[in-house]
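Here is the structure we will look at.
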Amino acid sequence: MNGMFAGKLRNVFILITLTFLLAGARLYTLWPTFNDSYAESFRIGITPINDGADWVERAQSILEGRKTLYRPLFSAFLTIPIFIFGINLPCLVSLMLLINVAAIILAWYILKEDLHAPFIIVFLALISTWRMSYLGDMMTENLAVTIFIVAFALIIRGLSAKKFHLLACGYLLVGFGQAVRPWDVMTMATISLFPVAYLGFRKKAALLSFILFMYALLGFSFNFTVSQSFSTSDQDKIDRAVYFYGQVCGGRGCNWWIFDREIKDATLRNAKGEVSGGYVANLIYKRAFKELKKNPMNFLNGELNSFIMFLKNIPIVYAGNKIYFPWFLVFLSAFFVIDRLWQRGPAVPDIAPASPDRYFYKRHALFILLYGAGIFLSVLTIGAVGVDRMWLSLEIFSYYLISLTVSIPFPRGRNGAGITAGRDFLIDKRLLALSGGALASGLIILFLAIPFVLQKAYHRYPEIRDAVTSDSIQKALSLREPVVSQEELILDIIRWPEPTFETLNGSWAYWKTVYRPMKALYLDTRQGLYDRKWQFSKWHLMPMDFPRVAFDDRNPIIFPYTDMKKLERFNNRSIVVVGQVIGRKRLFFTHQGFMILARYIGYPDSNGHLQWIAVRDL
């Protein structure tokens, strides 16, 4: 024992202190936002909207055995709390908060014996304030931030202690974080060059660089591995292609393809099911390279615009993620005290290396330079419309740089055990394989195996087995007029700028979807649409003489003379909505051109056969 803070008692005290301090700071910051008067881009109170609602919905879809769009890792992770608690938004917010706290505590545990205490204390204090006000959002960024906290802790410890297996595990998590939320994928390549930059152009250095790149690539490959089970990759292929096409055309954005007749025709054929998404993506790349050969200056102009926009956005990024300076001072003081307490115990061995580590700052400075180079190279792959998504990289990069810079005047006051002398890293092949294998296995279990098991055990509502066509609906409801199909409405969306949906005013149409209550909005009599409800911003709903429930703009439906309570029977169930079209002229491609005023709702019985109910009878 070494006083009251020796051994296990000291460890328990530090763990409890960090947990309460970190959780308390987050609750203090978030609590005022947990009311319906608070609104931002992805959350109203504790209700996720827009992309935040989409990720939760995709998790529910995975449990229900449906394929989802886009990157599935975050949604696969959310299947665990949703399976246990349902779509309980306070539980989901609490989970994001707790895993963020756990990541920072784990980062302290990894870094607690680092050679340079001032560097580590400042870094931990900075990441403890990182995006605190955003933890209530159900966004991929929050999980990626948590992963990157642990990744950079491993990298910093690996660089300081010259332990290659820790560095490799950090690289694996960097790749995995990019799979959860891609923003600067080129950093995986540039930071992999660290051994060559540090040790010189030698065979051993080249081999180490290759190993690090493979670890980063292994982490990034989880997106494709999990996608095979839970998502359709066609839309991802098309999205990557259209971003590249827009960049080749001078940085015009992801919707510039609509002015290319050949691409537009292929997209229409894809919507009809005549060709695959892969075919469309390949055609877009083909057209992009043809345009590149014809007008190479357009591509260079797009790249230049991307860099200009990236540099312009840097102040906006940091203004959006304000450092809560009082909390920073609190965490700075707390980690300083905790560091002093830790040094008092017997856990820190008093063993010095054979000679002072003259290359400490060189290793960290080289990594920072390589990571910064990767950020700038990533601008080339993202384009002008995506540079604002790179704030995570800028922030963790700046925290690393600031921490290292302000610590230079301070002496490195303690030494750790097992530090190799000279420049070379300690390379334990067995430990490298075991640590990398264990980490990869844990990620597979958490993000693939457990969601797969939960999917099989989840209670599912019956799916619609009957064929849903315009003719079958017209016959079932005894409608005199023809019914416009959902497929035809989607084709008309792609055909922009013609036709205009005004020509469909009053026509009958149907829309098949899954009713998700968190994506619906109740509007009272004579109440229009609040501007803060951003998920409906593409369609400014007019005041009406009746109460109604409006679905989001991806499911353009209005349920008249009803409320959320009456629609509860359809929660998370497949439905077919039949109603009359309210159309308007679309001013631009992403403009919502129509809504369907629901008259009938079809839902499957226990055998999957459609049963119909009039909305007025709810």
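A few notes on this one:
- Here is the result for the stretch 108-163: no trypsin sites (Lys or Arg not before Pro) lie in DSSP coil with at most 13 other C-beta atoms within 10 angstrom of their C-beta.
- If you model the chain as an ellipsoid using its alpha carbon gyration tensor, with each semi-axis the square root of five times an eigenvalue, the axes come out at 49, 29, 22 Å, biggest first.
- Ligands, DNA and RNA left out, the accessible area of the chain computed with a 1.4 Å probe is 63% carbon and sulfur.
- Annotation: peptides 591-597, 440-446, ranked by per-residue average of other Cβ atoms within 10 Å with the highest first, follow the order 591-597, 440-446.
- Per-residue SASA entry for Y109, accessible area with 1.4 Å probe, Å² rounded to 10: 140 Å²
- Solvent-accessible heavy-atom area per residue, rounded to whole Å², over the chain at 1.4 Å: 44 Å²
- Estimated FRET transfer efficiency when R0 is 41 angstrom, pair A457-F210 (beta carbons, to 0.05): 0.50
- Simple spin-label estimate for S221 and C91 in nanometres, 7 Å along Cα-Cβ: 3.5 nm
- Here the stretch 2-99 is treated with +1 on each Lys and Arg Cβ and -1 on each Asp and Glu Cβ, and its dipole about the Cα centre works out to around 440 debye.
- Candidates F397, T525, L69 compared by Cα position along the dipole of the chain: farthest toward the positive end lies F397, with charges placed on Cβ.
- With all protein chains modelled, accessible area of S227 [1.4 Å, Å²]: 10 Å²
- Computed about the Cα centre, the dipole magnitude for the chain is approximately 1300 debye when only Lys and Arg (+1) and Asp and Glu (-1) carry charge, each at its Cβ.
- Longest to shortest principal axis, alpha-carbon extents of the stretch 215-299, angstrom: 38, 35, 17
- Residues R363, R569, R480, ordered by accessible area of protein heavy atoms at a 1.4 angstrom probe radius and largest first, appear as R480, R569, R363.
- The order of M186, M518 by accessible area, most exposed first and with a 1.4 Å probe, is M186, M518.
- For H591 and R616, a Förster radius of 35 Å and the Cβ-Cβ distance give a FRET efficiency of 0.70, rounded to the nearest 0.05.
- Only protein heavy atoms count here; under a 1.4 Å probe, T17 has an accessible surface of about 50 Å².
- Tensor-based shape of the stretch 140-205 (alpha-carbon gyration tensor, a/c under 1.5 rounded, otherwise prolate or oblate): oblate
- Multiplying the residue separation of A271 and S398 by 0.36 nm and subtracting their alpha-carbon distance yields 41.3 nm.
- Computed lengthening from R202 to Y561, 0.36 nm per intervening residue step minus Cα-Cα distance: 121.8 nm
- Dipole of the chain, positive direction: furthest Cα of I16, I156, S333, with charges on the beta-carbon: I156
- Between the helical axis of 391-407 and the longest alpha-carbon principal axis of the chain there is an angle of about 20 degrees.
- Only alpha carbons enter this Debye calculation for the stretch 1-107, each as an equal point scatterer, and the log10 of I(q)/I(0) it gives at q = 0.21, 0.23 Å⁻¹ is -1.14, -1.24.
- Computed on the stretch 101-190, with alpha-carbon pairs under 8 angstrom and 6+ residues apart, the relative contact order is 29 percent.
- Counted residue by residue at 0.36 nm each, then reduced by the alpha carbon distance between them, the extension gain from T19 to N255 reaches 80.4 nm.
- Averaging the sequence gap over all C-alpha pairs within less than 8 Å and six or more residues apart, then dividing by the number of residues, gives the chain a relative contact order of 16 percent.
- Spacing of the modelled spin labels on T500 and I314, each 7 Å from Cα toward Cβ, amounts to 4.7 nm.
- Residue by residue, the stretch 141-146 carries 3J(HN,Hα) couplings of 4, 5, 5, 5, 4, 4 Hz when phi is fed to the Karplus relation 6.51 cos²θ - 1.76 cosθ + 1.60 (θ = phi - 60°); x denotes Gly or Pro.
- Ordered from largest to smallest accessible area (heavy atoms of protein chains, 1.4 Å probe), the residues M297, M188, M542 come out as M297, M542, M188.
- Put simply, the amide H of S231, placed in the peptide plane, has neighbours under 5 Å in T68, leaving out anything fewer than 5 places away on its chain.
- Radius 15 Å from Cβ of G170, net charge of other residues (Lys, Arg +1; Asp, Glu -1): +3
- Across the stretch 451-610, the mean sequence separation of Cα contacts (distance under 8 Å, 6 or more residues apart), normalised by length, yields a relative contact order of 28 percent.
- Here the stretch 196-296 is assigned +1 on the Cβ of each Lys and Arg and -1 on the Cβ of each Asp and Glu. Its dipole about the Cα centre then comes out at about 460 debye.
- Degrees, to the nearest 10: 164-180 long Cα axis against longest axis of the chain: 20 degrees
The values are calculated or read from the model by the stated rules, or taken from the named source; none is laboratory data. Small disclaimer: the values here were computed from a predicted structure and weren't measured. Cβ coordinates were reconstructed from backbone atoms using ideal geometry, including for glycine residues, and neighbour counts include every protein chain displayed. All accessible areas refer to the heavy atoms of the entire protein, side chains included, with ligands and DNA or RNA removed. Shrake-Rupley method; radii C 1.70, N 1.55, O 1.52, S 1.80 Å.
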